[in-house]
Amino acid sequence: MTEPLFTIPLWADLLGVGLGGIQGAMFASGFQGQRRLDLLGVAIIGIMIGMGGGLIRDILIGQPPATLQVNWYLLTATGAALLGMLLAGIFNRLNTVIVVLDAVVIGMFGAFGTSKAIAFGIPAVPAVFIGVCAAVGGGVLRDVLMGLPVSIMHVGSLYAVAAGAGCAFIVVANLFGMNIVLAAVIGIAVTAVIRVLAVLFDVSLPEQRRLYRRKVAAETGVITLPGR
Amino acid sequence: MTEPLFTIPLWADLLGVGLGGIQGAMFASGFQGQRRLDLLGVAIIGIMIGMGGGLIRDILIGQPPATLQVNWYLLTATGAALLGMLLAGIFNRLNTVIVVLDAVVIGMFGAFGTSKAIAFGIPAVPAVFIGVCAAVGGGVLRDVLMGLPVSIMHVGSLYAVAAGAGCAFIVVANLFGMNIVLAAVIGIAVTAVIRVLAVLFDVSLPEQRRLYRRKVAAETGVITLPGR
Amino acid sequence: MTEPLFTIPLWADLLGVGLGGIQGAMFASGFQGQRRLDLLGVAIIGIMIGMGGGLIRDILIGQPPATLQVNWYLLTATGAALLGMLLAGIFNRLNTVIVVLDAVVIGMFGAFGTSKAIAFGIPAVPAVFIGVCAAVGGGVLRDVLMGLPVSIMHVGSLYAVAAGAGCAFIVVANLFGMNIVLAAVIGIAVTAVIRVLAVLFDVSLPEQRRLYRRKVAAETGVITLPGR
């Protein structure tokens with residue numbers, strides 16, 4: 001195990017956790033009717049989205065979870081989830097906010113995952129894999145806990161592709177000697193731009209139509225699970 | 001990583017695993033009809049409830065799972081699961097036994113989780129979080145493996161709140177210098193009493209009604225998943 | 001933590017990962033209609049089946065995941081998944097190929113899991129448990145990600161029993177001083193033969209009928225989840 005060459009600055013990590021927590025809580029609080037979550041359920045989803053990717057990253061790297069070594073992560077994720085619940089009432093129909101927020105969050109989680117993997121001596125291919133897992137892992141945990149179909153499997157290709165592109169950029173740039181912080185910033189931008197463009201220009205695989213159905217369902221409270 | 005100041009005595013840990021195994025098997029063997037589990041399925045659920053919380057605890061702390069370092073844990077959990085199946089035939093309608101057993105088990109798992117986290121130098125907030133995950137983690141694994149809605153998300157608030165109260169007590173008492181063993185014993189009592197009182201006085205969030213429906217379903221073999 | 005006495009040769013490990021990837025992709029590409037997976041989804045399932053058991057094994061042993069320490073595992077699993085998709089078109093109705101492939105794969109994952117656990121000083125009972133988890137873990141991850149009932153719980157007894165027999169043989173043979181490589185080879189054969197014989201002679205527990213229904217469903221694209 002090599003000494004890490006790079007540590008994610010705490011403020012950047014907490015920013016990712018906070019944005020993830022807001023985004024998770026906005027998603028979770030969109031459920032109405034019989035599937036409505038109580039306060040604690042929304043907070044759990046916020047913590048999952050904010051911290052789940054980092055947990056998976058550290059387990060895959062084989063390190064103790066960084067998010068549990070200081071108090072700030074859980075406080076930030078929980079606070080952000082509460083904020084997300086309040087914002088949900090205001091912003092829930094402003095789909096753009098959710099899409100952009102989500103794109104930046106998966107970019108950050110992917111970049112932090114890949115950078116940390118590189119710092120611990122993980123080779124190129126698994127470093128990209130760990131980044132993608134960190135980016136989409138929180139969403140998988142959310143779907144499993146909420147009993148939803150795991151979106152990455154059926155409708156989420158462009159999620160993983162966007163995250164993979166950003167993480168691959170970081171790995172390649174690092175091989176060519178680019179400063180890792182600069183590479184990480186560009187990698188976040190690559191992921192976020194691909195993701196937002198995909199939504200803007202409606203790059204929808206045939207499967208993608210289901211995502212729309214699911215979003216509508218989340219808003220109306222009638223969940224029609226595909227294929228059931 | 002600091003040297004642990006406190007080790008959970010093997011007999012106490014095995015007691016928790018055994019009670020969890022009994023409780024899990026009683027739950028699992030309650031399923032009838034098409035969802036009926038075979039002998040191995042009931043044993044797996046018993047192992048999940050008895051050992052799942054401890055596994056999650058150790059992964060979150062970043063330590064090799066203690067329950068896999070000696071033979072006794074798996075032998076105890078499996079033996080307890082077999083016992084739980086026999087007891088299920090006798091006690092399954094004695095709801096009180098299940099409720100009290102369950103309350104003590106989540107208290108023990110929470111207390112062991114928080115104490116071990118403290119011993120490994122985890123700060124206060126994540127120490128409580130790890131305790132709650134240890135307390136409810138086995139149930140989450142059970143629900144995911146059985147394809148049930150994850151109860152902690154929809155109906156289980158008071159579970160997590162009870163576990164959180166006990167774990168928070170241990171952390172605060174430890175900060176004030178109380179002996180950790182004494183703190184753990186009181187913490188177990190806090191969790192168990194809150195949980196039992198919540199059931200006794202029917203402190204049911206609107207969501208809680210579903211728990212009842214699910215329990216009925218488990219007994220009659222007709223599973224009506226909420227919201228489907 | 002003792003120094004490992006035995007390392008799984010890379011070629012053998014990659015062979016298991018590759019066969020698992022092929023088998024996972026053949027399973028996944030069998031889904032038609034609304035549940036059809038896109039290219040990336042099939043690749044994810046291939047990676048899960050090829051590498052999931054090894055990941056679970058290393059987490060349970062408390063070691064960094066071996067499959068993420070070199071580039072070859074992910075390249076092999078992804079390549080095998082693509083191959084499996086092509087083969088699926090040809091072989092999908094040749095049920096025998098899938099059954100034998102699957103039997104050998106669970107034998108290999110079980111044997112590698114138990115051998116590695118022994119090498120890291122894990123006692124006999126948890127060493128068998130880790131082997132069984134390594135053998136069936138990929139399938140559990142697959143079912144959870146695809147939103148299928150976890151087959152090991154309802155219909156998969158003979159899976160776990162076959163894996164358990166092979167792993168138990170390795171542990172016992174090791175206690176009697178047999179060379180671990182020889183023990184592992186025999187253990188793989190024990191698991192594979194039990195599994196194939198069980199299918200050949202239709203040793204079906206009452207629950208097993210559902211497995212058939214699920215297979216038909218996977219081929220026809222109409223998934224009738226049991227008990228819903």
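The values are calculated or read from the model by the stated rules, or taken from the named source; none is laboratory data. Note that the structure is predicted; figures quoted are calculated from it, not measured. A quick note on method: Cβ atoms are made from the backbone with ideal geometry, for glycine too, and the neighbour counts reach across all protein chains shown. Each accessible area value is taken on the protein alone, full model and side chains, heavy atoms only, with ligands, DNA and RNA left out. Shrake-Rupley method; radii C 1.70, N 1.55, O 1.52, S 1.80 Å.
If you go through segment A:141-148 one residue at a time, do you hit one that is under 21 Å from A:A189 (Cα atoms) and not aliphatic (A, V, I, L, M)? For segment A:141-148, residues under 21 Å from A:A189 (Cα atoms) and not aliphatic (A, V, I, L, M): absent.
With respect to A:A168, determine if the residue is assigned to a helix (DSSP H, G or I) and open to solvent by less than 30 Å² (accessible area, probe 1.4 Å). No, not satisfied. Inclusion of A:V97 among residues that are of a type in the set (A, V, I, L, M, F, W, C), open to solvent by less than 30 Å² (accessible area, probe 1.4 Å) and more than 9 Å from chain C (Cβ to nearest Cβ) is not warranted. Taken over segment C:115-125, the criterion of being more than 9 Å from chain B (Cβ to nearest Cβ) and open to solvent by less than 20 Å² (accessible area, probe 1.4 Å) is satisfied by C:S115, C:A119.
Only one of the listed residues (B:A77, B:A88, B:A28) is farther than 26 Å from B:G166 by Cα, in a helix (DSSP H, G or I) and within 14 Å of chain C (Cβ to nearest Cβ). That residue is B:A28.
Yes or no, residue by residue, for (1) in contact (Cβ under 8 Å) with a residue 60 or more places away in the chain; (2) touching a Ser or Thr at 6+ places or on another chain (Cβ under 9 Å); (3) under 27 Å from A:P64 (Cβ atoms):
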| residue | (1), (2), (3) |
| --- | --- |
| A:L101 | yes, no, no |
| A:K116 | yes, yes, yes |
| A:I130 | yes, yes, yes |
| A:P149 | yes, no, no |
| A:M153 | no, no, no |
| A:L158 | no, yes, no |
| A:G166 | no, yes, yes |
| A:M178 | no, no, no |
| A:I186 | no, no, no |
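Against the numbered list (1) farther than 27 Å from B:I47 by Cβ; (2) at pLDDT 90 or above; (3) assigned to a loop (DSSP other than H, G, I, E, B), C:R93 comes up short only at (2).
This table checks each residue for (1) touching a Pro at 6+ places or on another chain (Cβ under 6 Å); (2) at positive phi; (3) within 14 Å of chain C (Cβ to nearest Cβ).
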residue: B:I59; (1), (2), (3): no, no, yes
residue: B:G62; (1), (2), (3): yes, yes, yes
residue: B:L68; (1), (2), (3): yes, no, yes
residue: B:G84; (1), (2), (3): no, no, no
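Being charged (D, E, K, R), farther than 17 Å from A:D58 by Cβ and at pLDDT 90 or above, is that true of even one residue in segment C:49-59? Yes: segment C:49-59 contains one or more residues that are charged (D, E, K, R), farther than 17 Å from A:D58 by Cβ and at pLDDT 90 or above. All told, B:L74 falls short of being touching a Cys at 6+ places or on another chain (Cβ under 9 Å), at pLDDT 95 or above and open to solvent by less than 30 Å² (accessible area, probe 1.4 Å). All of A:R195, A:R142 fail the test of being more than 14 Å from every other protein chain (Cβ to nearest Cβ) and open to solvent by less than 40 Å² (accessible area, probe 1.4 Å), apart from A:R195. For segment C:38-64, a residue qualifies if it is part of a helix (DSSP H, G or I) and acidic (D, E), and exactly one does: C:D58.
Scanning segment C:1-25 for residues that are in a loop (DSSP other than H, G, I, E, B) and either at pLDDT 90 or above or surrounded by fewer than 20 Cβ atoms within 10 Å (Cβ to Cβ) (or both) turns up C:M1, C:T2, C:E3, C:P4, C:L5, C:F6, C:T7, C:P9. Might you check whether a residue that is farther than 30 Å from A:I59 by Cβ and either modelled with pLDDT of 90 or more or open to solvent by less than 30 Å² (accessible area, probe 1.4 Å) (or both) occurs anywhere in segment B:37-44? Yes, segment B:37-44 has at least one match.
Taking the listed residues C:F129, C:F112, the one that is aromatic (F, W, Y), at the interface with another protein chain (Cβ under 8 Å from one of its Cβ atoms) and either surrounded by fewer than 24 Cβ atoms within 10 Å (Cβ to Cβ) or part of a helix (DSSP H, G or I) (or both) is C:F129, with no other qualifying. Here is a check on your reading of the model: is A:V104 under 11 Å from the mean Cα position of the chain (by Cα) and within 14 Å of another protein chain (Cβ to nearest Cβ)? For A:V104, the condition - under 11 Å from the mean Cα position of the chain (by Cα) and within 14 Å of another protein chain (Cβ to nearest Cβ) - is not met.
Out of segment C:65-120, which residues are hydroxyl-bearing (S, T, Y), in contact with a Phe, Trp or Tyr (Cβ under 7 Å, 6 or more places away or on another chain) and closer than 30 Å to A:A119 by Cβ? C:T67 - this is the single residue of segment C:65-120 that is hydroxyl-bearing (S, T, Y), in contact with a Phe, Trp or Tyr (Cβ under 7 Å, 6 or more places away or on another chain) and closer than 30 Å to A:A119 by Cβ. Exactly one residue out of A:I130, A:I152, A:I170 is closer than 26 Å to C:G79 by Cα and in contact with a Leu (Cβ under 7 Å, 6 or more places away or on another chain): that is A:I130. The residue list C:D58, C:D102 contains one member that is out of contact with any strand residue (DSSP E or B) (no Cβ under 7 Å at 6 or more places or on another chain) and open to solvent by less than 10 Å² (accessible area, probe 1.4 Å), which is C:D58.
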